[in-house]
Amino acid sequence: MAAVAAKHDELKSLGVQVLSASTDSRFIHKMWQEQELSKMVRGGVPFPMLSDAGGKIGAVYGVYDSAAGVDIRGRFIIDPDGVVRAMEVLTPEVGRNVSELIRQVKAFQHVVATGEVTPSGWQPGKPTLEPGPDLVGQVWAKWKTEMAFD
Amino acid sequence: MAKPKDGCVQAAAGPIAAAPAGGAKPAGESKPAGGETMTAQVGKPAPDFEASAFVDGGFRNVKLSDYHGQWVVLCFYPGDFTFV
């Protein structure tokens, strides 16, 4: 969560509201903020820290591990209409990649604003594709696999 | 400003069931606590919920639908004071 907090300014500039959630109580969130997070990130975590005690919310989002009694790592991008655009769920050992989260937010915002589609590995400023009959069978001419990685 | 009071227990609604679309679902299936019938899926409305929260140094309840009209990133994680 500290990594998300460290990139919060960029997420905020994209108009993104971050919400974090675990099965801990709001009191534990306060202590974690004061005892640890505020030492990792200046000012601490700047977004609401939600308590999903009992895991009912996590269950609805498919991230509640009932055997362990915790919500595993799951990240959801929700658009301004309240529609889930992306989800990424990891077992707890591997942390998320906040840069990839930001890339996806930018890609979804671009797609919503323009109606274009973004190919694999797209970054802002790189070519997009305009879906339509003319593009069928012609993606090879417009887009090369190397473009996914540079 | 008076110091906000906070009890030990704060009720929050948890998952909030959407109104059944077109009444197609039997009434029993839309109960919020079940968790089986509402599931987050890409391209579908994010299931609404209310949770108690630590916000700006204080405590209040937060609903997902409070943020309608904004992009939201919702992050679940296994627990405070964990290592990753």
### Task
Scan region A:22-35 and report the pairs whose first residue is facing another protein chain (nearest Cβ under 7 Å) and whose second residue is in a helix (DSSP H, G or I) and among the β-branched types (V, I, T), with Cβ atoms within less than 9 Å and a gap of 6+ or a chain change.
A:S22/A:I28
### Message
Which pairs turn up if I take residues in region B:73-84 that are within 7 Å of chain A (Cβ to nearest Cβ) and under 14 Å from A:A68 (Cα atoms) and look for partners that are assigned to a loop (DSSP other than H, G, I, E, B) and among the aliphatic types (A, V, I, L, M) with beta carbon separation below 9 Å, at least 6 apart in sequence or on another chain?
### Response
B:Y77/A:M1; B:Y77/A:I72; B:Y77/B:V84; B:P78/A:A68; B:P78/A:I72; B:P78/B:V84
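Taken together, the values in this text are just the output of simple stated rules run on the coordinates, not laboratory data. Since the model is a prediction, treat every value here as computed from it, not as a measurement. Methodologically, a virtual Cβ is constructed for each residue, glycine included, from the backbone with ideal geometry; neighbour enumeration extends over all protein chains shown.
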